[in-house]
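Single-structure report; data block below.
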Amino acid sequence: MASECRRVAEVPSPVPAWETVSRRIREALQEAAPEPELRRQVEAVLQRKLRLYAAAPLWVVPELPRRMADWLGLSEDLGGELATLAFLYHCAADVIDDAQDGELASIPAWEGGDWPDAVTVGLFLLSLHSAQLAALNVSPSARVACVLAFGRAGLALSRGQHLDLRAHPEADWGEADVLAVGDLKAGGALGVLTELAPLAAGLSETAHWRALGVAAGRFFQLASDLEAYLKPAPHADLAWAKLTLPLLAARQFDPVLATVWSAGLPLDVEHQERLRLAVCQSGGLTYAKWRLEVLHRELTMDLAKFGDDALSALLAPVWATALGVVEPAPV
């Protein structure tokens, strides 16, 4: 679910708990006292991610549990704790994903950090998350339930990433296979975020909340997958001709599309742009955008089933953030 926003540092954050999130993370990092080189790399990642997650569409990560906590009448402090847990968990998974996708260069001041360093930073952030989770200010039973929920999310994320790394352009996949990646990756992450506040509140039945988050994850993953085709190359998904929904649809519409990557991967920038234009011109991007709109309508209907206008008012704008980034580049 990674998405960079132009001049994001200048965009005011719509997240009320954001100052709390930033403060808690600074305090946790100070207490952990990592070695200077590791600390420099962790701070470089956090600086980048804090800016990205303070703006749309990634602000949904800390904002989902905070809004749910507010709706359930939990304290503002607890909402801030849940928002911090959400950010640390998602950030840790995101930096490892960046390393696997070859996108470390997007993090300023990485300065020669490589794949093993990124894994170390990701594990460090997961450890910070674990320490915050162990100190969560809820009942012991609620805390255990939150631990188990993050465990389920981690298993889903791992399975989803395993599939995602095998999304080769010639893979024998259909639409259900592509969407399953979103169910596991982004769905695993958002599933725990919608379930977290109900668990912290001590509710015993939370599977429906998790299902809502999984559906939201499918939606946000598809929105993220469109980004490679919305602006000129380069993009990692284009370089490896990753089998996301736009490419899958275009592969069906254009039988000679494979000639673009037949010389081998990764593609250079010229061939990336050829691939992007071919997918757009064949109708692959148009089809994927239509599927995104369908998923948005389904998600809105899922939210309405809860029968609470206040909850819909809180969460509907969160879903809408993904639609705001789907503007195609000229073809």
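Considering segment 118-131 alone, what residues qualify as being open to solvent by 50 Å² or more (accessible area, probe 1.4 Å) and either modelled with pLDDT under 90 or not small (Gly, Ala, Ser) (or both)?
Across segment 118-131, the qualifying residues are Thr120, Leu123, Leu126.
Here's a check for you: in segment 27-49, which residue that is acidic (Asp, Glu) and under 17 Å from Tyr89 (Cα atoms) is surrounded by the most Cβ atoms within 10 Å (Cβ to Cβ)?
Looking at the filtered set, the residue picked out is Glu43.
Restricted to segment 254-267, and to residues that are surrounded by fewer than 19 Cβ atoms within 10 Å (Cβ to Cβ) and in contact (Cβ under 8 Å) with a residue 12 or more places away in the chain, which residue is nearest to Ala228 (Cα to Cα)?
Looking at residues that are surrounded by fewer than 19 Cβ atoms within 10 Å (Cβ to Cβ) and in contact (Cβ under 8 Å) with a residue 12 or more places away in the chain, I get Pro266.
Which pairs do you get when a residue that is open to solvent by 10 Å² or more (accessible area, probe 1.4 Å), found in segment 65-89, comes within reach of a residue that is assigned to a helix (DSSP H, G or I) and of a type in the set (Lys, Arg), reach meaning Cβ atoms under 8 angstrom, with the pair 6+ apart or on two chains?
Pairs that qualify, where the first residue is open to solvent by 10 Å² or more (accessible area, probe 1.4 Å) and the partner is assigned to a helix (DSSP H, G or I) and of a type in the set (Lys, Arg), are Glu81/Arg24.
Out of all the residues in segment 274-287, is one or more at pLDDT 95 or above, small (Gly, Ala, Ser), within 20 Å of Ala171 (Cα to Cα) and within 24 Å of the chain's Cα centre (by Cα)?
Within segment 274-287, one or more residues are at pLDDT 95 or above, small (Gly, Ala, Ser), within 20 Å of Ala171 (Cα to Cα) and within 24 Å of the chain's Cα centre (by Cα).
Scan segment 175-197 and tell me whether some residue there is modelled with pLDDT of 95 or more and at positive phi.
no
Let's see how each residue does on (1) at pLDDT 75 or above; (2) among the small types (Gly, Ala, Ser); (3) surrounded by 13 or more Cβ atoms within 10 Å (Cβ to Cβ):
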residue: Leu292; (1), (2), (3): yes, no, yes
residue: His296; (1), (2), (3): yes, no, yes
residue: Leu299; (1), (2), (3): yes, no, yes
residue: Ala304; (1), (2), (3): yes, yes, yes
residue: Leu314; (1), (2), (3): no, no, yes
residue: Pro317; (1), (2), (3): no, no, yes
residue: Thr321; (1), (2), (3): no, no, yes
residue: Gly324; (1), (2), (3): no, yes, no
residue: Pro330; (1), (2), (3): no, no, no
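Run Val95 past the list (1) open to solvent by less than 10 Å² (accessible area, probe 1.4 Å); (2) assigned to a helix (DSSP H, G or I); (3) at pLDDT 90 or above and report the number of the one that doesn't hold.
(3)
Go through segment 201-265 and tell me which helices (runs of 4 or more DSSP H), entirely inside it, have 2 or more residues that are not aliphatic (A, V, I, L, M).
Filter on segment 201-265 gives 207-226, 245-253.
Given the options Ala207, Ala216, Ala239, name the one that is in contact (Cβ under 8 Å) with a residue 60 or more places away in the chain, closer than 30 Å to Ser141 by Cβ and within 25 Å of the chain's Cα centre (by Cα).
Among Ala207, Ala216, Ala239, only Ala216 is in contact (Cβ under 8 Å) with a residue 60 or more places away in the chain, closer than 30 Å to Ser141 by Cβ and within 25 Å of the chain's Cα centre (by Cα).
Is it the case, given these coordinates, that Arg159 is farther than 18 Å from Leu58 by Cα and basic (Lys, Arg)?
Against the criterion (farther than 18 Å from Leu58 by Cα and basic (Lys, Arg)), Arg159 qualifies.
Consider segment 132-167. How many of its residues are touching an Asp or Glu at 6+ places or on another chain (Cβ under 7 Å), open to solvent by less than 70 Å² (accessible area, probe 1.4 Å) and in a loop (DSSP other than H, G, I, E, B)?
1
What tally of residues in segment 17-41 results from selecting those that are within 25 Å of Asp77 (Cβ to Cβ) and assigned to a helix (DSSP H, G or I)?
Selection size over segment 17-41: 15.
Just to be sure I understand, how many residues within segment 261-276 are hydrophobic (A, V, I, L, M, F, W, C) and either in contact with a Gly (Cβ under 8 Å, 6 or more places away or on another chain) or farther than 21 Å from Asp177 by Cβ (or both)?
3
Based on this model, can you work out whether Arg276 counts as buried (at least 20 other Cβ atoms within 10 Å of the Cβ), among the basic types (Lys, Arg) and either without any contact (Cβ under 8 Å) to a residue 60 or more places away in the chain or assigned to a loop (DSSP other than H, G, I, E, B) (or both)?
yes
The values are calculated or read from the model by the stated rules, or taken from the named source; none is laboratory data. Just so it is clear, the structure is predicted and the values come from calculations on it, not from any experiment. Don't worry about glycine lacking a Cβ; one is built from the backbone with ideal geometry, like all the others, and counts go over all protein chains shown. Note: accessible area is taken over every heavy atom of the protein model, side chains too, but ligands, DNA and RNA are not part of it. Shrake-Rupley method; radii C 1.70, N 1.55, O 1.52, S 1.80 Å.
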